[in-house]
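The values are calculated or read from the model by the stated rules, or taken from the named source; none is laboratory data. What you see is a predicted model, and the numbers here were worked out from it, not measured in a lab. For neighbour counting, all protein chains shown are included, and Cβ atoms are generated from backbone atoms with ideal geometry for every residue, glycine included.
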Amino acid sequence: MKKVLKRFDELTLQELYEILRIRSAVFVVEQNCVYQDIDETDQRSMHLFYEEDGRIKAYLRFFDKLDEEGTIQIGRVLTMERKKGLGSMLLHECMHLLKEKKIQRAYLEAQEYATGFYEKEGFYIDSDVFLEDGIPHVCMRWRNSTDC
């Protein structure tokens, strides 16, 4: 399995198709949630994923949070093979990249049941529960304590 980090314009057509396929499989079909996944954020995102034999096993994207200068937003975190630690490995890799780039703050909107997953990487809950597409979420934040 190989780690891949690419800007949108670096993705091959096959990689883009696979990203959109798995995001639809997880966030639309599996979670029975009709929403617009293709949201015009992909073009300004970095796409980080683990790939094996042309199939993406785990994926996330991150991008500049437009309303908070110096903050990176992480989203669309998913794994296709659960209980193997791929999601944790990928999120850890993302956080390592942010630290290398001297990023000081990160933000994400987590499904409420998954907060413990993100807390393991130093995120903390920063909001009350809110519904997004009918699913309970919370805002979570991370601060780079190694460079403060």
Within segment 129-148, work out how many residues are more than 15 Å from the chain's Cα centre (by Cα), surrounded by 10 or more Cβ atoms within 10 Å (Cβ to Cβ) and of a type in the set (D, E, K, R). 3
In segment 84-128, anything basic (Lys, Arg) and loosely packed, with under 13 Cβ neighbours inside 10 Å is listed as Lys84, Lys101, Lys102, Lys120
Residue check: is Glu100 charged (D, E, K, R), without any contact (Cβ under 8 Å) to a residue 60 or more places away in the chain and within 20 Å of Ser24 (Cα to Cα)? no
Residue in segment 118-139 that is farthest from Tyr107 (Cα to Cα), counting only those that are out of contact with any helix residue (DSSP H, G or I) (no Cβ under 6 Å at 6 or more places or on another chain) and assigned to a loop (DSSP other than H, G, I, E, B): Gly134
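Here's a check for you: in segment 82-102, which residue that is in a loop (DSSP other than H, G, I, E, B) and within 16 Å of the chain's Cα centre (by Cα) is modelled with the lowest pLDDT?
Ranking the candidates gives Arg82 first.
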Which residue pairs have Cβ atoms under 6 Å apart, sit 6 or more places apart or on different chains, and have a first residue in segment 108-129 that is under 14 Å from Ile74 (Cβ atoms) and a second that is among the small types (Gly, Ala, Ser) and at pLDDT 95 or above? Tyr118/Ala110
Specify the residue that is nearest to Gly54 (Cα to Cα); the eligible residues are those in segment 2-17 that are in a strand (DSSP E or B) and hydrophobic (A, V, I, L, M, F, W, C). Val4
Extreme residue, surrounded by the most Cβ atoms within 10 Å (Cβ to Cβ), among residues of segment 1-48 that are more than 27 Å from Thr71 (Cα to Cα) and hydroxyl-bearing (Ser, Thr, Tyr): Tyr17
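If I go through segment 63-80 residue by residue, how many of them are part of a loop (DSSP other than H, G, I, E, B), without any contact (Cβ under 8 Å) to a residue 24 or more places away in the chain and touching a strand residue (DSSP E or B) at 6+ places or on another chain (Cβ under 9 Å)? Please lay out each step first, then the result.
Our first condition is that a residue be part of a loop (DSSP other than H, G, I, E, B); within segment 63-80, this holds for 65-70, 80.
Now narrow it down to the ones that are without any contact (Cβ under 8 Å) to a residue 24 or more places away in the chain: 66-67, 69.
Now narrow it down to the ones that are touching a strand residue (DSSP E or B) at 6+ places or on another chain (Cβ under 9 Å): 66.
Here the count works out to 1.
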So is Leu60 within 13 Å of the chain's Cα centre (by Cα), crowded, with 19+ Cβ neighbours inside 10 Å, of a type outside the set (Gly, Ala, Ser) and assigned to a strand (DSSP E or B) or not? yes
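Going by the conditions given, is Tyr35 part of a loop (DSSP other than H, G, I, E, B) and either more than 17 Å from His92 (Cα to Cα) or of a type in the set (Gly, Ala, Ser) (or both)?
Spelling it out, Tyr35 is indeed part of a loop (DSSP other than H, G, I, E, B) and either more than 17 Å from His92 (Cα to Cα) or of a type in the set (Gly, Ala, Ser) (or both).
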When segment 95-148 is examined, which residues are found to be closer than 19 Å to Phe62 by Cα and β-branched (Val, Ile, Thr)? Ile103, Thr115, Ile125, Val138
